[in-house]
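Report on one structure; see the data block that follows.
The values are calculated or read from the model by the stated rules, or taken from the named source; none is laboratory data. Because the structure is predicted, anything quoted here is derived from the model rather than measured. With ideal geometry, Cβ positions are generated from the backbone for all residues, glycine too; neighbour counts draw on all protein chains shown. Note: areas computed on protein heavy atoms with side chains; ligands, DNA, RNA excluded. Shrake-Rupley method; radii C 1.70, N 1.55, O 1.52, S 1.80 Å.
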Amino acid sequence: MAQAESRNQTPRPLSPHLQIYRWTWTMAMSIFHRVTGVALYLGALVLAWFFLSIASGPEAYAGSAWFFGSWFGYLIMFGFTWALMHHMLGGLRHFVWDFGKGFEPEQRFLLAKLTLAGSVGLTLLIWIVILIAR
């Protein structure tokens, strides 16, 4: 018992946290990559609900069609599209890093900015095509 108590009272080093590190583009894109991964899981559940409603008959489909046709449904789908594009481009950024390329500070900064700009651009392009085809 005394040995366990002495171990608990030993000061342990603390890991550096956000108060110490300066916020960087690559840090932000890493966090966004993780957040978009979680969003894609949730979006996959919404997508599964849509497909199940199609298979369940006209009444179930009518409810999901109403939801996806509402402004909130469009907002959810727009966010899902952005999360998908951002996560994909973040994965490509990591793929480039797997080859040992893009580790210089300027290259990391450029890849992080391109990930964000590319995801926004691709999302807008996809939704312009969707709205025109409608």
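Listing for the model above:
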| item | result |
| --- | --- |
| Shape of the stretch 73-117, Cα gyration tensor, a/c cut at 1.5 | oblate |
| DSSP H segments from the chain that extend 20 Å or more along their own axis, Cα-based, with Kyte-Doolittle mean of 1.0 or above | 25-56, 105-133 |
| Given charges at beta-carbon only (K, R positive; D, E negative), |dipole| of the chain in Debye | 300 debye |
| Residues of the stretch 70-120: accessible area per residue with a 1.4 Å probe, Å² | 63 Å² |
| Accessible area of the chain belonging to carbon and sulfur atoms, whole % at 1.4 Å probe | 71 percent |
| Matching label, Cα extents along the principal axes in Å computed from the structure shown, candidates [x] 69, 48, 27; [y] 69, 31, 20; [z] 42, 37, 27 | [x] |
